[in-house]
Amino acid sequence: HGPERDRLLVRILQQAPNAVIVLKPFMAPELVQPQWTRRVMVAARDAGVADRLLIVPPLEHGRDLMDFLAMSDIQLDTYPYGGWTTNMEAVYAGLAIVTQEGEQGRSRWGAHILRALGITAGIARNEEEYVRQAVELVNNQELRLQVRRQIRERAVSTLFNGAAAQPAYEAELLRIYEQQFDQTQRVVQ
């Protein structure tokens, strides 16, 4: 989480006056860097939104995460290191996600999870869209509830379906291979 992301959080809070952003580090308390905490809070203070940007200590027990997510409306995905586990936990809890899709696999998880669910709201291609998508989901309760409803209706059968996922995964790998093989054959000929 670099300084440029601090500014995005501030912009979201400035454009969504009813929003509160809670940052929850996913590490042991002794590993949370005080300079990061200061930097984020200084950016929020300088923009006049520090009262709506909270940094909570890491949760002591993993089981507490679902309670934490149940109190939330939206998850802001990290960039450029998208959160596979955190996004899956958010989806499991029925939360809307805002994610910025990059060029590398590590920044594409959130977008792929949403697309697998047939959802495009919350997928941003750049920082401007990331802020716009977050503000729209915060300010538009009807859209937020619609996305949450779609996630709840589709997540179990699409993402949490155990053994049923294996054949679909294998079929997708074969499709990708065949597509690449076909392209390679055209180049060779």
**Q.** Rounded, prolate or oblate (a/c below 1.5 giving rounded, otherwise prolate when a/b exceeds b/c) for the stretch 31-133 by Cα gyration tensor
**A.** oblate
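Take each uninterrupted DSSP H stretch in the chain, measure its Cα extent along the helix axis, and return the ones at 20 Å or beyond whose mean Kyte-Doolittle hydropathy is at least 0.0.
none
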Q.
Could you compute how much accessible surface E127 exposes when probed at 1.4 Å, giving the result in Å² to the nearest 10?
A. 70 Å²
Q: Give me D for the stretch 119-164 in µm² s⁻¹, whole number, from Stokes-Einstein with Rh from the Kirkwood sum over alpha-carbon pairs, 25 °C and 0.890 mPa s.
A: 207 µm²/s
Q: Quick one: compute the contact order of the stretch 78-189, relative version, from alpha carbon pairs under 8 angstrom and 6+ residues apart, as a percent.
A: 23 percent
Q.
At a threshold of 8 angstrom on Cα-Cα distance, excluding pairs fewer than six apart, so keeping six or more, what relative contact order does the chain reach in percent?
A. 17 percent
Q.
If exposed means no more than 16 neighbouring beta carbons inside 10 Å and the site is in a DSSP loop, what's the longest run of the chain without any exposed chymotrypsin sites (Phe, Trp or Tyr not before Pro)?
A. 82-159
Q) Can you give the relative contact order of the stretch 100-165 as a percent, counting alpha carbon pairs under 8 Å and 6+ residues apart? A) 27 percent
Q) About the Cα centre of the chain, what is the dipole size in debye to 20, counting +1 per Lys and Arg Cβ and -1 per Asp and Glu Cβ, all else neutral? A) 200 debye
Q: Return the distance in nm (one decimal) between the two label points of a simple spin-label model at Q166 and E30, each offset 7 Å from Cα along Cα→Cβ.
A: 4.2 nm
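Using DSSP to call loops (not H, G, I, E or B), can you name the GluC sites (Glu not before Pro) in the stretch 3-81 whose Cβ has at most 12 other Cβ atoms within 10 angstrom?
Values: sites: E4, E30, E60; in loops: E60.
The qualifying sites are E60.
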Q. How large, in Å, is the chain by the Kirkwood hydrodynamic radius built from its alpha-carbon pairs?
A. 18.1 Å
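The values are calculated or read from the model by the stated rules, or taken from the named source; none is laboratory data. Quick caveat: nothing in here was measured; it's all calculated off a predicted structure. Positions of Cβ are backbone-derived with ideal geometry, glycine not excepted, and every protein chain shown enters the neighbour counts. Surface accessibility is based on the protein's heavy atoms, side chains included, excluding ligands, DNA and RNA. Shrake-Rupley method; radii C 1.70, N 1.55, O 1.52, S 1.80 Å.
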